[in-house]
Every structure is written in C-alpha cells, then in structure tokens.
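Some notes on the structure that comes next.
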Amino acid sequence: MVAHMSEQGGVQEEVERRLQQQEDFYGFRPFLAQFLSGYPDLFMAYTGLSGRLLVEPKHLTIKEMELAAVSASAALGSEHCLNVHVPQARKVGATKEEIIEAVMVGSLMAMTKGQSTAFRKLAGLD
C-alpha cells in the first residue's frame, strides 16, 4: 500500500511536469491536456504521443510541424485546434502567407475527400 501511494505521488508529479512543459511551450495549458490530467492513465498516453509529435518532432522542424497541425486542423474544421496552432505557428516563425497556404491545403484535402468518394460512386453506376 505504501509503495502504491508513493507511485501515485510520482504519477501526479509527472502529470504536473508535463502540464508545465505544455504551458512553457504554448504559453498556456491546452484544455484537452488540462481535462485529461484528471485521468492520469489517459493523460500519460495522450501527452506521450502528442509530446513526441508536437513538441519534439524528429523529422520536421517545429515550424513545419505547426503548419501541418494548422493544415490538419483546417481539414477537420477544428476551431479549438486552430486557436492553439495558428498562433503557435506564428510564434515559431511561420508567415501569414505560409499559414494561409497550409489552411488552403487542408481545406482542399477535406473538399476532395468528399468528391473522391462521391465521384467514385457515381462512376460505378456507369
């Protein structure tokens, strides 16, 4: 029981460390991370993946990663993600024109996904 309580304290310390890392990176604690921090098992999995991809990308620069996040957020129509990643893209050096182009790429992908599916169905009728 004592080891379990000690382990719980270690988990809570790690949760707080990761929340602080996100606050240092973004300038605030994103809602999703803050919410999931109440569920440490889910929070640890979420922040492990998001930290690796968004905070410490291995093959993209931070600017490229933020532009990819803007593009994906636009494709998904995620206002909350855009509220995080558009300012962050600017913070890491993306120009307004680069962000506009990223939004247009994401929007085009979202638009053509529907067209691709619908037109294949239509072509199958012939």
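Each part reduced to its alpha carbon centroid, segment 81-97 and segment 30-76 end up 14 Å apart.
Only helices enter the 222 nm calculation for the chain: every DSSP H run of n ≥ 4 contributes -39,500 (n - 2.57), and dividing by all residues gives -26000 deg cm²/dmol, rounded to 500. Residues Leu67, Leu36, Leu53, ranked from the fewest to the most other C-beta atoms within 10 Å, line up as Leu53, Leu36, Leu67. In order along segment 87-101, the Karplus-derived 3J(HN,Hα) couplings, from 6.51 cos²θ - 1.76 cosθ + 1.60 at θ = phi - 60°, round to x, 5, 4, 4, 4, 9, x, 6, 7, 4, 5, 5, 5, 4, 5 Hz, and Gly and Pro are given as x. Taking θ as phi - 60° and the Karplus parameters 6.51, -1.76 and 1.60, the scalar couplings of segment 19-34 work out to 4, 5, 4, 5, 5, 5, 6, 9, x, 6, 9, x, 3, 4, 5, 4 Hz in sequence order, x denoting glycine and proline. The candidate values are [x] 1.14; [y] 0.95; [z] 1.49; the one derived from this structure for Rg/Rh (Cα atoms, Kirkwood Rh) carries the label [x]. For trypsin sites (Lys or Arg not before Pro), the sites in segment 1-71 that DSSP calls loop and that have at most 12 other Cβ atoms within 10 Å are Lys58.
Rounded to the nearest whole Hz, the Karplus-based 3J(HN,Hα) values (6.51 cos²θ - 1.76 cosθ + 1.60, θ = phi - 60°) of segment 112-126 follow the sequence 6, 4, x, 5, 4, 5, 5, 5, 5, 4, 5, 5, x, 7, 7, with x at glycine and proline.
Each reported figure results from applying straightforward, stated rules to the coordinates on display, with no laboratory input. None of these values were measured; they are calculated from a predicted model. Note: ideal-geometry Cβ built from the backbone for every residue, glycine included; neighbour counts use all protein chains shown.
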